[in-house]
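Notes for the one structure printed next.
The values are calculated or read from the model by the stated rules, or taken from the named source; none is laboratory data. Predicted, not measured: the structure shown is a model, and the values here were computed from it. In this analysis, Cβ positions are derived from the backbone assuming ideal geometry, glycine residues included, and neighbour counts consider all displayed protein chains.
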Amino acid sequence: MIRAAIVGLGGWGRRLVVAVQEDGQPRGSEIHFTRAAVRSAARARPFADRQRLQLGSFEECLVDPAVDAVVLATPHSAHPGQVRAAAAAGKHVFVEKPLALTLVEAESAIAACAAAGRVLALGHNRRFLPAFRALRELVLAGELGSILHAEAMFAGAFGLAYAPDAWRAGDADAPAGGLTAMGIHSLDALIDCLGPVEDVTAQSMRRVLTIPMDDTTSAMLRFRSGPSGHVATLMATAWTWQLRVFGVRGYAVMPDETSLQVVERSGASRLFTFPVFDTERAELEAFARAVRGDETYPVPLGDVAHGVAVLEAAVASIRSGGVRMSVGGEARNPHEGSC
């Protein structure tokens, strides 16, 4: 059983904890949260007591020999420094996406964990969805033929719920509206299926939000393997997750997280449905197995760094008024391996 400390007990930090334990009791045999690092102990106390978490500082978690790993649910800009500190303290690290906001910072965090011999895992939980894994496999198997185009949409009313001073709404941690926190999932999914992105052209607007955050962000992508792509993220509408991949033989679409429709060029259509799946539990348990050395965590760090590079290029394109930007960093060729 891996003993972990959760760093940050906001809404998502709490979601990660309850994914693997209830009232302090582990749901499985892989991972157990025993400590929490928070800024406000009084605010976190009721949840921490219920989950039997010892409250303290990040630094106290790092020096505790009873903590094997830290799970970071903290502001994006804080991730690189916290990852480096955890690696230096000999802790394995699971961190929410994005790993960083620049490629240089992402690579420094990856290098720190590699030098320390510690596992670094990213919370790209959509990779664990059975529907997405099925879509990815049919793309890699060539069932859609040569891929022409792919597009992804991740939208919700998240921006309408943020307070003006929320860290998720500030330019320091959300320089491209929802692309930073939500659209990064879409980028990662497309990179997993199609490989590295060559260049990106992006735009971002604030249509209805009154907080300092854009609500409408989109990016056109060109993949090195040839296809075009499009990613859109909306922060002030009904929730949806959609992913489409178009090939010369037909197309596949995830209209939501539990369905996959495959439409052949002839018009024949197949619909597959999958059960609701706890991706947060799946990713944390996969992290625990990687820490024990039982398996490799299924999100390659090359893909992680490349996703940050795409995000960085998109932000640069937005700030330049829509200039096409080249993307640095090398993602894994998805045809060289599988999840």
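Only one of these is of a type outside the set (Val, Ile, Thr), under 20 Å from residue 285 (Cα atoms), over 14 Å from the mean Cα position of the chain (by Cα) and surrounded by fewer than 20 Cβ atoms within 10 Å (Cβ to Cβ): 86, 66. Name it.
Numbers: 86 fails: surrounded by fewer than 20 Cβ atoms within 10 Å (Cβ to Cβ).
Result: 66 is the single residue among 86, 66 that is of a type outside the set (Val, Ile, Thr), under 20 Å from residue 285 (Cα atoms), over 14 Å from the mean Cα position of the chain (by Cα) and surrounded by fewer than 20 Cβ atoms within 10 Å (Cβ to Cβ).
Is at least one residue of region 221-232 in contact (Cβ under 8 Å) with a residue 40 or more places away in the chain, outside any loop (DSSP other than H, G, I, E, B), surrounded by 21 or more Cβ atoms within 10 Å (Cβ to Cβ) and touching a Lys or Arg at 6+ places or on another chain (Cβ under 9 Å)?
Checked region 221-232: at least one residue is in contact (Cβ under 8 Å) with a residue 40 or more places away in the chain, outside any loop (DSSP other than H, G, I, E, B), surrounded by 21 or more Cβ atoms within 10 Å (Cβ to Cβ) and touching a Lys or Arg at 6+ places or on another chain (Cβ under 9 Å).
If I ask for residues that are aromatic (Phe, Trp, Tyr) and either modelled with pLDDT of 90 or more or in a loop (DSSP other than H, G, I, E, B) (or both), which ones from region 148-170 would you list?
Just the residues of region 148-170 that are aromatic (Phe, Trp, Tyr), to begin with: 154, 158, 162, 167.
154, 158, 162, listed by residue number.
Check off (1) part of a loop (DSSP other than H, G, I, E, B); (2) surrounded by 18 or more Cβ atoms within 10 Å (Cβ to Cβ); (3) over 16 Å from the mean Cα position of the chain (by Cα) for residue 145 and give me the number that stays unchecked.
Against the list (1) part of a loop (DSSP other than H, G, I, E, B); (2) surrounded by 18 or more Cβ atoms within 10 Å (Cβ to Cβ); (3) over 16 Å from the mean Cα position of the chain (by Cα), residue 145 comes up short only on (2).
When the residues of region 171-187 are narrowed to those that are in a helix (DSSP H, G or I) and either among the polar types (S, T, N, Q) or on the phi > 0 side of the Ramachandran plot (or both), which ends up modelled with the highest pLDDT?
Of region 171-187, the ones in a helix (DSSP H, G or I) are 179-187.
From what is left, the residues that are either among the polar types (S, T, N, Q) or on the phi > 0 side of the Ramachandran plot (or both) are 180, 186.
On the way: 180: 92, 186: 96.
Ranking the qualifying residues of region 171-187, first place goes to 186.
Test residue 209 against the criterion of being part of a helix (DSSP H, G or I) and in contact (Cβ under 8 Å) with a residue 40 or more places away in the chain, and give yes or no.
In short, no.
Can you tell me which residue in region 54-79 is farthest from residue 102 (Cα to Cα), limited to those that are part of a loop (DSSP other than H, G, I, E, B) and in contact with a Phe, Trp or Tyr (Cβ under 6 Å, 6 or more places away or on another chain)?
Per the stated criteria, the residue is 73.
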